[in-house]
Each structure stands twice: as C-alpha cells, then as structure tokens.
Amino acid sequence: MIYYATSDTGRIREQNEDFCFASDSPVGSLDNLFIVCDGMGGHNAGEFASEGAVSLMVREIGTSDIRDPYEALGRGIEAANSAIHKRSVDDPAKAGMGTTLVAATIFGSELYVANVGDSRLYMYDNNGLCQVTRDHSYVEEMVRKGLITRDEARVHRDRNKITRAVGVLESVRIDYFDVPVKRGMQILLCTDGLTGMLPDDQIDKVLAGNDSVEEKATTLVRMANDSGGNDNITVILIEI
C-alpha cells in the first residue's frame, strides 16, 4: 500500500476548515485508518469540528480492542459526534458547528467505509472511476428524484447544503459500504473542494495516468485551484 495525503486552503477561503488523518500502521485493532473531514460553522468552529472529529475518532479507535471494522468506525464516529455536539451546546460561539466525515480501513481483502455528509470516497480500477459513498446533501436528493442532472448539481446554488453532519445532533446516522480490494486499485478520499471544482471524468483521467500517488494527489489539488479553488481541498490517495 502506498498513500499520500494533502490539504490546501484554496484560493477563496481565508482558513482551512478541512482536516485529515492517514496511517498505514495499526490504530487500535484496525490495521490502517484514513479519515477526511470538512468542517462547518463560523468563528473557527468549522476548523474545531473537523480537527476535533479526527482526533476524537482516532483516540476512540486507538484505545479500543474492537476488531469488526464497521463497529470500530461507527464507535469512533459516535464518540466524535457526542463530544462535538456537547461542545456546540456548551459554547455559544460554536453553536451549530459540525463536520462531514468519510473514513476507511482495509481489513483483509475488503475496504470498509463509513460516511456522513458530502465528503466522498471513490475507487479506481480497470473499469474506471466509481463513487462508493453517497452524498448526504440537498442537491443529491434532487438528483435522485430526477429534478436536476448530476452536472446541474455541481453548480447549483444550494450545492453546499448538507443533510447530515457529525456533531449537529445528539445522534448521528452513518452510512456503511464495503468493496473488495485488489492489486492496482486506487482509493480516493476527498472533500467537496475537489469534487465541486472537478467533474468525475477529469478525476478519472488523472488517476488513469502513470504518475506517482503523490504526483496524482497534488495534480488534483492544483487542478481544483486552477478551476477556481472556491473551497478548501483535501485529498487522500491510496494505491493498493
């Protein structure tokens, strides 16, 4: 396994409210762990939520002996949700804060994924690029209902409205996915600062190239900035 993680403020935002974690070494009972978060909330609350969610999740998993990947990821997200929500209630300056979260671990020959919000996980293999997670967003619901197209969703005025986030409510609903892994597969975790700027076909072209994992990840960030860089951009790219 080879991986590279990078995060960029982008060209418009003054601060980076994304946060990520990547380790191919064990975290608790998990053999590896990858997390991407995109925080929301004013007065630095978004930055606090995203960094807090990552650190709380890593701590919870790191001190647990749970081997089941779904249970371990879920317990980590629930612990982060409870702590962030309590802080948002106790501290008026952080009221309403929250964060998207997509996390993954490879266990045996399977990739296990947990997702809340609209940060995404893709897989790329000989069949091309495939989005594994499903966005929890207003525009995604409109796409599913056939009210707008996928291309229209990318530029819709309400594209930043999410329907689920870690820390906003006392409890959190988590989606889980699993995908068989094989040699040569690439796994991409990213925030909407990437996918809001680049359509899937452009991401596909980068991953189809012969560059190193680091070069591909940095190219994706550069292309997102060249397309406007309207948001923070975070990318974790893994090659099996």
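The values are calculated or read from the model by the stated rules, or taken from the named source; none is laboratory data. All values reported here derive from a predicted model rather than from experimental measurement. Cβ: placed from backbone, ideal geometry, glycine included. Neighbour counts: every protein chain shown. Quick note on the areas: whole protein, heavy atoms, side chains included, nothing else; ligands and nucleic acids left out. Shrake-Rupley method; radii C 1.70, N 1.55, O 1.52, S 1.80 Å.
Filter the stretch 88-124 down to residues that are outside any strand (DSSP E or B) and without any contact (Cβ under 8 Å) to a residue 60 or more places away in the chain and give me whichever is nearest to residue 171 (Cα to Cα).
Here is the first cut: in the stretch 88-124, the residues outside any strand (DSSP E or B) are 88-97, 108-109, 117-119.
If we keep only those that are without any contact (Cβ under 8 Å) to a residue 60 or more places away in the chain too, we end up with 89-95, 108.
On the way: 89: 14, 90: 17, 91: 19, 92: 20, 93: 21, 94: 18, 95: 16, 108: 30 Å.
Among them, the one singled out is 89.
Does residue 116 satisfy being within 18 Å of residue 163 (Cβ to Cβ) and either open to solvent by 10 Å² or more (accessible area, probe 1.4 Å) or of a type in the set (Val, Ile, Thr) (or both)?
Yes.
Hey, among 59, 67, 11, which residue is out of contact with any Phe, Trp or Tyr (no Cβ under 8 Å at 6 or more places or on another chain) and modelled with pLDDT under 95?
Sole residue among the options that is out of contact with any Phe, Trp or Tyr (no Cβ under 8 Å at 6 or more places or on another chain) and modelled with pLDDT under 95: 67.
Suppose we keep only residues that are within 30 Å of residue 240 (Cβ to Cβ), small (Gly, Ala, Ser) and in contact with a Leu (Cβ under 8 Å, 6 or more places away or on another chain) within the stretch 75-110. Which one would you say is surrounded by the most Cβ atoms within 10 Å (Cβ to Cβ)?
103
Would you point out which residue out of 172, 166, 213 is in contact with a Cys (Cβ under 9 Å, 6 or more places away or on another chain) and closer than 28 Å to residue 110 by Cβ?
Result: 166 is the single residue among 172, 166, 213 that is in contact with a Cys (Cβ under 9 Å, 6 or more places away or on another chain) and closer than 28 Å to residue 110 by Cβ.
Here is a yes/no grid of residues against (1) in a loop (DSSP other than H, G, I, E, B); (2) small (Gly, Ala, Ser); (3) crowded, with 22+ Cβ neighbours inside 10 Å; (4) in contact with a Phe, Trp or Tyr (Cβ under 9 Å, 6 or more places away or on another chain):
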| site | (1), (2), (3), (4) |
| --- | --- |
| 130 | no, no, no, yes |
| 135 | yes, no, yes, no |
| 140 | no, no, no, no |
| 152 | no, no, no, no |
| 183 | yes, no, no, no |
| 197 | yes, no, yes, no |
| 215 | no, no, no, yes |
| 234 | no, no, yes, yes |
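Report whether or not residue 46 is at pLDDT below 95, crowded, with 23+ Cβ neighbours inside 10 Å and not aromatic (Phe, Trp, Tyr).
It is true that residue 46 is at pLDDT below 95, crowded, with 23+ Cβ neighbours inside 10 Å and not aromatic (Phe, Trp, Tyr).
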